[in-house]
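Presented below is the structure to which this report refers.
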C-alpha cells in the first residue's frame, strides 16, 4: 500500500507566543472580580485552560445540587469567559469577543441580583474589550503562520487542494470568517467552506449528512479547494488531488494523526503541524510519532503469530468482552431500580422549583423522555416558532422549545406525537432529588429509577 500511495512531507510550522495580550489580560481581570464576588479563595486561578474548565464545570454541578443560585450563576459565566480565553488562544480576539457578546445578548432577562451583577460587570468592560479585539497589533500569531502556509501552497490559478483540521466547530467557522476578512489572501483564488459534524451545539449550527456530502462533492470536483474541518473528515475522506493538510493547534492521539496525514494523497503533498513553539501540541505530536513506530512493531508481532495461537487469543478476548458487557448491563439494571419513581422529584436547575415526579416520566421510542402529567403544563412556557430539523420522523414532529415559566431556563422541546403534544425533557436542565441525595445528571441512562415506555392508547383513553 505504501508503494502505491504517496506519503506527504511532514513539516513543523511553529509560531511564538503573543508578545502582549491585553485582551486576554482584561478577560482574566473580569474573572478575578467574579471570583472575588463569589468569596471562594480556594478557586483556581489558571484561567484559559482545560483544567480550569473542568473545575468550574464541577463547581456548577455541585452548586446546582446544593440549590446555590449565586455560585451556579457565577460558575456558568466564568466558564463562558474561559471559553473566550480558549477562543482567543486559537483564533481571533474578535471571535472571542463575539462569543461573550452573544452569550450576554441571550441573558438580558435576568432578575436575580447575582445575574444583574454579572451583566453589569460585562457591560462595564464591553467597550474596552471591543476596542482591544479590533487592535491588530495583538492578533494571534497562529493566524499569521497559517496565512504564510496558504500563501505558499495556494498560488493564483494553481491546482492545490487542502484541509485545515481544527478542534471545534466554532474555530472552523471562525477560520473561514478570518480567511474571508484577510485581504492578502483574496487574490489567491481560495474557495473555502466548513466541514463539521452533525451533533447538537448551542454555538454553531450542525451540518446534516446531506450538507456534508454536498461540501465533499464540491471539494472532490474542485469547486472548493480548501476545507476548514473538525475530526469528521479525518477518516475515510479520499480525495487523490488533496496536497496540503494542516493540523491547526491540535493535540490528539496517534490514530487521529495517521488518519489526518492520510488525507494528503497527491504527489509532493505537505502535512503541516501548526502550533506554538515548545507547546504541549508539539510534545504530543512527537510522542505520536514514537507511538506509530510502536504500533507498527505490534502489528508485525500479531501478524507473525501462529494461526492457532492467534485464534485462541481472539476467542479469549471475545469472551472477556462479553463477560464485561454482561456485568455492565447487570450494574445498570440494578442502579435503575434503586428508587421508586414516585419518590423521585425533578427540580429546575436554575430556580430550584420542584416541577414533577419521576413517575410522570415516560420514554417514547425508547429514547425521548416525556412528561405525561397534564399539570406539568403549569410549570413551563413555549418559545415562539417550531424547531426545525433537516429530517422527518415517522410518528412525530418537533414542536416549540420549552422553558421554565419562573426563570426562563431552557428545559427541552415539545414533540407532537400522533397529534398529541408532549414535553421532552433534557435531564441536564434539572436536578434529580431522591430520598438519598440531590444530583445533576448528563444523561437519562444514569438515573436511579425505572422509566416505563409511553402507552399511547392508555394516555388517550
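Given the C-alpha centroids of region 388-432 and region 86-125, what is the distance between them in whole angstrom? Distance between centres, Cα-based: 27 Å. Its relative contact order, with pairs defined as Cα atoms under 8 Å and 6+ residues apart, puts region 235-334 at 24 percent. Measuring r between the beta carbons of residue 323 and residue 268 and using R0 = 51 Å, the FRET efficiency lands at 0.50. Scoring 246-255, 371-380 by mean Cβ neighbours within 10 Å over their residues and listing the highest first yields 246-255, 371-380.
State log₁₀ I(q)/I(0) for region 394-449 at q = 0.18, 0.21 Å⁻¹ as given by the Debye formula over alpha-carbon point scatterers of equal weight, solvent excluded. The calculated log intensity ratios at q = 0.18, 0.21 Å⁻¹ are -0.72, -0.87. Treating the angle as unsigned and between 0 and 90°, give the value, to the nearest 10°, between the Cα long axis of helix 22-38 and the longest Cα principal axis of the chain. Between helix and principal axis, roughly 20 degrees.
The packing ranking, built from the mean of other Cβ atoms within 10 Å per residue, places the peptides 438-445, 128-135, 317-324 in the order 128-135, 438-445, 317-324, highest first. Summary of the geometry: region 353-369 and region 45-63, compared by the centres of their Cα atoms, lie 30 Å apart.
In a fully extended conformation the segment linking residue 418 and residue 441 would gain 5.3 nm over its present Cα-Cα distance, using 0.36 nm per residue. Gain on full extension, evaluated as 0.36 nm per residue between residue 338 and residue 17 minus their Cα-Cα distance, stands at 110.3 nm. In terms of overall dimensions, region 22-138 has a Cα radius of gyration and Dmax of 13.7, 45 angstrom. Axis of helix 50-65 versus longest Cα principal axis of the chain: the two differ by about 10°, to the nearest ten degrees.
Here the peptides 78-88, 183-193 are ranked by packing, the mean other Cβ count within 10 Å, and the order with the highest first is 78-88, 183-193.
Can you tell me the 0 to 90 degree angle between the C-alpha axis of helix 141-153 and the longest principal axis of the chain, rounded to 10? Between helix and principal axis, roughly 50 degrees. Roughly what percent of Cα-Cα pairs across region 287-362 reach past 18 Å? Counting pairs separated by more than 18 Å, the tail of P(r) holds 71 percent. The relative contact order of the chain comes to 14 percent, based on Cα pairs under 8 Å that sit 6 or more residues apart.
Percent relative contact order of region 345-461, based on C-alpha pairs within less than 8 angstrom and at least six residues apart? Contact order relative to length: 27 percent.
Inter-part distance, region 263-327 to region 19-36, computed on C-alpha centroids, equals 41 Å.
Suppose R0 equals 35 Å. What FRET efficiency, 1/(1 + (r/R0)^6) with r the Cβ-Cβ distance, do residue 218 and residue 66 give to the nearest 0.05? Computed FRET efficiency for residue 218 and residue 66 comes out at 0.10. Treating r as the C-beta distance of residue 137 and residue 210 and R0 as 30 Å, the FRET efficiency rounds to 0.10. How big is D, in µm² s⁻¹, for region 334-461 by Stokes-Einstein at 20 °C and 1.002 mPa s if Rh is the Kirkwood radius over C-alpha pairs? Answer, rounded: 142 µm²/s. In the chain, the alpha-carbon atoms span a convex hull of 198 Å³ per residue.
Values quoted throughout were computed directly from the atomic coordinates according to the rules given, and no laboratory measurement underlies them. The structure displayed is predicted, hence computed values, not measured ones. With ideal geometry, Cβ positions are generated from the backbone for all residues, glycine too; neighbour counts draw on all protein chains shown.
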